[in-house]
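The values are calculated or read from the model by the stated rules, or taken from the named source; none is laboratory data. The structure presented is a predicted model; accordingly, all values stated were derived computationally and were not measured. So basically every Cβ, Gly included, is an ideal-geometry build from the backbone, and we count neighbours across all protein chains shown. Calculation scope for accessible area: heavy atoms of the full protein, side chains included, ligands and nucleic acids excluded. Shrake-Rupley method; radii C 1.70, N 1.55, O 1.52, S 1.80 Å.
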Amino acid sequence: MLSRMYQFGPHTITESQVFFKSKYSLGLVNLKPITPGHVLVISRRVVPRLRDLNTEEATDMMLSAQKIGNVVEKQYQCTSLTNVIQDGPQAGQTVPHVHMHVIPRKVGDWANNDDIYDELAEKNKIRVDNEERMPRSEQEMKQEADMLRPFFEDNNT
Ligand code: AMP
């Protein structure tokens with residue numbers, strides 16, 4: 001059977017990367033997560049900015065982020081979440097399709113709490129520890145999505 005494809009800005013996303021579906025949003029695993037469990041909530045409609053979403057879509061994105069955050073925080077043994085929308089290129093957005101980063105956090109994950117924003121800004125460059133963040137393989141992303149999908153049985157139609 002042919003795998004369904006989705007658009008994330010200019011990128012084509014395969015079904016195997018999607019672990020969550022609601023009426024107006026999708027949950028995707030990340031090609032270059034900055035920490036384990038760093039996932040994305042995207043609108044189903046390909047529009048660049050938060051302001052482009054209508055009320056139902058914006059509400060759905062927030063409720064989806066809430067559900068997804070609850071699961072990734074627990075599954076990655078974390079105790080907080082950084083939920084971020086980089087809304088426009090000057091705010092650090094590199095993919096012109098509105099999306100929220102859901103990033104599990106725990107004590108000591110970054111030396112200074114707000115360093116996470118530097119790391120998000122540097123996401124396609126070199127890590128603080130000087131290791132380049134390589135894109136993950138499809139297989140690696142599929143494994144993570146397969147692990148997360150069962151937690152969202154009502155959100156996978
Ligand atoms: P931003 O810079 O806020 O637009 O974030 C873009 C996010 O999309 C980063 O976390 C990237 O790692 C992620 N990303 C880019 N391309 C893909 C892709 N093909 N699949 C999944 N995540 C992606």
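In the range 64-97, which residue that is touching a Lys or Arg at 6+ places or on another chain (Cβ under 7 Å) and not in a loop (DSSP other than H, G, I, E, B) is farthest from the ligand (Cβ to nearest atom)?
Ser80
Whether any residue in the range 21-37 is in a helix (DSSP H, G or I) and open to solvent by less than 10 Å² (accessible area, probe 1.4 Å) is what I want to check.
no
What number of residues in the range 16-43 are farther than 27 Å from Asp114 by Cβ, within 14 Å of the ligand (Cβ to nearest atom) and touching a residue at least 60 places away in the same chain (Cβ under 8 Å)?
Summing the residues that are farther than 27 Å from Asp114 by Cβ, within 14 Å of the ligand (Cβ to nearest atom) and touching a residue at least 60 places away in the same chain (Cβ under 8 Å) in the range 16-43 gives 5.
Any residue at all in the range 44-63 that is in contact (Cβ under 8 Å) with a residue 60 or more places away in the chain, of a type outside the set (A, V, I, L, M, F, W, C) and part of a helix (DSSP H, G or I)?
Looking for residues that are in contact (Cβ under 8 Å) with a residue 60 or more places away in the chain, of a type outside the set (A, V, I, L, M, F, W, C) and part of a helix (DSSP H, G or I), one finds none in the range 44-63, hence no.
When you check Val98 against the structure, is it in contact with a Cys (Cβ under 8 Å, 6 or more places away or on another chain) and surrounded by 18 or more Cβ atoms within 10 Å (Cβ to Cβ), yes or no?
So Val98 fails the test.
Based on this model, can you work out whether Glu138 counts as over 12 Å from the mean Cα position of the chain (by Cα), crowded, with 19+ Cβ neighbours inside 10 Å and within 26 Å of Ser16 (Cα to Cα)?
The answer is no for Glu138.
Test each condition in (1) closer than 20 Å to Arg4 by Cβ; (2) within 14 Å of the chain's Cα centre (by Cα) for Asn83 and report the one that comes out false.
(1)
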